[in-house]
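One structure follows; several queries about it will come next.
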Amino acid sequence: MSAHVPALDHGHDDHAHHHKQTFISKYIFSTDHKMISRQYLITGLLMGIVGIAMSLLFRLQLAWPGEKFAIFELLLGKWAPDGVMDPSIYLSLVTIHGTIMVFFVLTAGLSGTFSNLLIPLQIGARDMASGFLNMISYWLFFVSSVIMLSSLFVESGPAAAGWTIYPPLSALPESIPAAGMGMTLWLVSLAIFIASSLMGSLNYIVTVINLRTKGMSMTRLPLTIWALFVTAIIGVVSFPVLLSAALLLIMDRSFGTSFFLSDIYIGGEVLHNSGGSPVLFEHLFWFLGHPEVYIVLLPALGITSEVIATNSRKPIFGYRAMVASILAIAFLSTIVWGHHMFVSGMNPFLGSVFTFTTLLIAIPSAVKAFNYITTLWKGNLQFNPAMLFSIGLVSTFITGGITGIILGDSTLDINVHDTYFVVAHFHLVMGIVGLYGLFAGVYHWFPKIFEGKMMNKNLGYLHFWVTVIGSYVIFFPMHFIGMAGLPRRYYSNTAFPYFDDLADVNMLITVAALVTGAVQLVFLYNFIHSMFYGKIAAKNPWRSNTLEWTTEHKHIHGNWEGAIPHVYRWPYDYSKLNDDEDDYVIAGQDYTPQNVPLQENEEEMNH
Amino acid sequence: MTVFLILIVIILFSIALWQMSKIYKLSQPVKKEGEVSEVANNKDNRINAKLMLMFLVFLYFLMGYCFWNYSTFYPPGASDHAGLYDNLFFITLGVIMFVQLITQVLIHWFSYKYHGKKGRKAVFYADNDKLEFVWTIIPVIVLSGLIIYGLFTWSDIMNFEKSDDALVVELYAQRFNWKARYAGEDRTLGNANVRFIEGINTVGIDPSDDDGMDDVITQELHLPVGRQVIFKLRSQDVLHSAYMPHFRAQMNVVPGMITQFSFIPTVTTEDIRETDYMKEKMRTINKIRTEKSKELLASGQAQLDDYDNFDYYLLCNKICGQSHYNMQMKIVVETEEEFQEWIKGQKTFRQTIAQQQ
């Protein structure tokens, strides 16, 4: 159901639509943004389970190389003869782990869920600009997930050239069998995923620009919406380039072209390809690849802004600086991609250029971190699980982000490129930050997603504390084995006796990973149980200012029974005092929702 | 079949747990209507505040533990620019750790100090442009300093001047080993392309090019100490990367392109073996290997090979296929005399072809 109707019909501003729904139209082919957001969330979580399970499998191999494990035999079948993992399936596991986590969990699962849930509700719209397009975008995502998972069962193995799939390795089945059908399915899945993402992004952009309710100017938008809006813009700019890279790769694989291939002798013969360059692929891939990490990051940061402000009972510090940072990060993210390619053989001059732009992008990120910390200062911090994850996110964002300054410096990258130093960096700053954003969003907006039910907070506390400790134990030591010169994507480190003293650290990392992985089951249990049996909360359990909390629990098409609320202020009037400074703007209440008009005894702050 | 049965057991077990939790819940005293306890209360806030502080201690402990115990993994430098690299690395590390230590304290201390409690009033402090300016301009200045320093170093390393006595060596990458091709007496590498690979000509030297006749192809890389070496990197098949961590050197090897990297090795293999650092490292590693060998023997498997002496190595650092994890080449840094003696003992391309005929 779309939010605009032709002039013939009655206008939608004053009431919601009611029509008959079947099971299929309500749960499966729904065009309602709230149902679609649930679909994205569930699919994202399921893919996350697969992705994390894979990481635990290859971590077992890394800690105890070449050992027999019954779980390998059970899950990997012919790829683990006698229970020992085969080197090619190791490469497939790391490839598919990366692909699933970056795209399916942290892009679709994060953006897809929260853009769909929050954009119409927080801007005061009945639904997305096109409910139909929205539905198609989810179903394409679903199809792409199915295809990716189906590639796991292909006889020659799932794609195994790393999630970055550089040719010629990914182009030539002669180089690894997995570059055959497995790689083809990967490319098909991603092409469909990109289509899904673009449709979603276009929808989000149009909705934010056109369907804001009366009084909701751009400068009164919650930071979550700013983040999701800018994320969508970055997506539209960068995903098509990945599609082009994938298409050119398909052509090189199947149609005899030489975009990325030249002068190759493999399998006992010289290939006909001439004139192409793998470095071209790297440029095209990373032109998406870098903005992609901000597509993951910005929604998480946007969610954190909202959760921290609400739970600190004070405004997010520096709203305008936060918006400016989001815009600066978005712009800069499109001109730093070469920092993934410092040692690719490209002209060293480019290395200098990209070092310069990369270190620039550290500045808005730092400003955001400082603003979060200042928001905590002199707050009245309510430690709900969502708040804990948001604080953990700020801590992890800093820890992971600062090593970016080493990696972004072309000189320093020489000795740490493609080592575990990089792996530690991106897992902290993108993986963990993204995951914490997802968790914070789920805990915080659970009552909105599931019609008033709340998640259990004690299980939430357990989930948070074990996860935050575990994640740091996994990834902080990893920097040091990276600095030691240990390369990534190595099936085993035993071929180099020089690395024998790093084995203990690898074991520590794996044990921490197993524990942290296990505690995610607590979250899953909490999630599933609360979905059905969660306690029903008040309408606005977190005493938040934003518009989504003015809707009733029950999901209805059109969100608000009657008219859409009008907005009179920004979302951050927490603990705002009245003119006499003897009480809050609304007596006895430390928050002033956006739909509350300017009170008599209140200073107008032009927010 | 076994798998199927195991799955059934797992499913039934989960159902049993679920039912038990339901029974437990039903057996609880009935709570008053509307008493929603899933929002944090004073007690929750107090407990989590304390946990925040304890977490800060844990985090500092973890960072300290890692720096204390794992800093020794950092490989000793053995090239001319290793010193430049390491300076830049440690200064940058110092700056970022300074930021880390302060910000983590602020985050967790504020969380502890300002934990929610009844009666506490948060301060409505929405912005402060001056503060924003300060913490924008300071990172700009610090980062500019680091960038400029980094760029000078990068230029030094990458835009190298070819010295008169430079040794030009081609590193030829193929799945899954490396070959080194020395330019020979004429100091010029012969043209080469995969299209010339045939039989004994495994690296594809153009047989019609005279420059290539005196090229020497080896499976080990020997480098004379103190002399600039310029690597020309060529790949036979897929992307590889020549990574030599002790020399602070890494460059991708790209099929269809010749990439390059240069350094001056400054510490011979013999000398680095004698350093306290390396002696200690070998002791540690051999201890580990002896233990592991004992375990292996006990379980009826073969012992680990001996690892008596440290050797520099070149390893592949770009995913290239199944044996990517074992694509290495030994590097020996020796005196000029030793190097000349070694290379005289190697066959030239001319000799290799002649031998075949």
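The values are calculated or read from the model by the stated rules, or taken from the named source; none is laboratory data. Since this is a predicted model, take the numbers as computed values, not measurements. Here the Cβ is made from the backbone with ideal geometry for all residues, glycine too, and neighbour counts use every protein chain on show.
Residues are listed down the side, and each one gets a yes or a no for (1) more than 26 Å from the chain's Cα centre (by Cα); (2) farther than 30 Å from residue B:253 by Cα; (3) assigned to a loop (DSSP other than H, G, I, E, B):
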| site | (1), (2), (3) |
| --- | --- |
| B:288 | no, yes, no |
| B:292 | no, yes, no |
| B:295 | yes, yes, no |
| B:303 | yes, yes, yes |
| B:307 | no, no, yes |
| B:319 | no, no, yes |
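Do you know which residues across region B:171-218 are of a type outside the set (A, V, I, L, M, F, W, C), in contact (Cβ under 8 Å) with a residue 60 or more places away in the chain and over 18 Å from residue B:320 (Cβ atoms)?
B:182, B:184, B:190, B:199, B:201, B:207, B:212, B:214, B:215, B:218
So that you can scan it fast, the table gives a plain yes or no per residue for (1) facing another protein chain (nearest Cβ under 9 Å); (2) among the aliphatic types (A, V, I, L, M); (3) within 24 Å of the chain's Cα centre (by Cα):
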{"residue": "B:103", "(1), (2), (3)": "yes, no, no"}
{"residue": "B:135", "(1), (2), (3)": "yes, no, no"}
{"residue": "B:156", "(1), (2), (3)": "yes, no, yes"}
{"residue": "B:167", "(1), (2), (3)": "no, yes, no"}
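Okay, moving on. Residue check: is residue A:395 facing chain B (nearest Cβ under 7 Å), modelled with pLDDT of 95 or more, more than 21 Å from residue B:128 (Cβ to Cβ) and in contact with a helix residue (DSSP H, G or I) (Cβ under 9 Å, 6 or more places away or on another chain)?
Considered against the rule, which asks whether it is facing chain B (nearest Cβ under 7 Å), modelled with pLDDT of 95 or more, more than 21 Å from residue B:128 (Cβ to Cβ) and in contact with a helix residue (DSSP H, G or I) (Cβ under 9 Å, 6 or more places away or on another chain), residue A:395 comes out as yes.
Those residues that are touching a Leu at 6+ places or on another chain (Cβ under 7 Å) and not in a loop (DSSP other than H, G, I, E, B), I need them from region A:149-177; list them, please.
A:150, A:151
One line per residue, one yes/no per condition, for (1) polar (S, T, N, Q); (2) surrounded by 18 or more Cβ atoms within 10 Å (Cβ to Cβ); (3) modelled with pLDDT of 95 or more:
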site	(1), (2), (3)
A:501	no, yes, no
A:523	no, yes, yes
A:533	no, no, no
A:554	no, no, no
A:563	no, no, no
A:574	no, yes, no
A:579	no, no, no
A:590	no, yes, no
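Name the helices (runs of 4 or more DSSP H) wholly inside region A:23-141 in which the number of residues that are within 14 Å of chain B (Cβ to nearest Cβ) is 3 or more.
A:33-63, A:70-76, A:87-99
Sort through B:181, B:195, B:248, B:187 and tell me the only one that's within 12 Å of chain A (Cβ to nearest Cβ), basic (Lys, Arg) and closer than 21 Å to residue B:335 by Cα.
Result: B:248 is the single residue among B:181, B:195, B:248, B:187 that is within 12 Å of chain A (Cβ to nearest Cβ), basic (Lys, Arg) and closer than 21 Å to residue B:335 by Cα.
Just to be sure before I move on: is residue A:11 over 14 Å from residue A:132 (Cα atoms) and either in a helix (DSSP H, G or I) or modelled with pLDDT of 85 or more (or both) in the structure I sent?
no
At least 3 residues that are closer than 26 Å to residue B:352 by Cβ in each: list the strands (runs of 3 or more DSSP E) lying fully within region B:181-285 that qualify.
Result: B:216-218, B:221-224, B:229-235.
Suppose we filter A:491, A:461 for residues that are under 27 Å from residue B:44 (Cβ atoms) and in contact (Cβ under 8 Å) with a residue 24 or more places away in the chain; which single one remains?
Selected residue: A:461, the only one of A:491, A:461 that is under 27 Å from residue B:44 (Cβ atoms) and in contact (Cβ under 8 Å) with a residue 24 or more places away in the chain.
Among the residues of region A:370-383, which ones are touching a helix residue (DSSP H, G or I) at 6+ places or on another chain (Cβ under 6 Å) and within 7 Å of chain B (Cβ to nearest Cβ)?
Result: A:370, A:373, A:376, A:377, A:379, A:381, A:382, A:383.
Here are some residues: A:335, A:326. Which one is of a type in the set (Val, Ile, Thr) and in contact (Cβ under 8 Å) with a residue 60 or more places away in the chain?
Going through A:335, A:326 in turn, the sole match is A:326.
Residue check: is residue A:270 surrounded by fewer than 23 Cβ atoms within 10 Å (Cβ to Cβ), farther than 30 Å from residue A:317 by Cα and not charged (D, E, K, R)?
When the stated conditions are applied, residue A:270 passes them.
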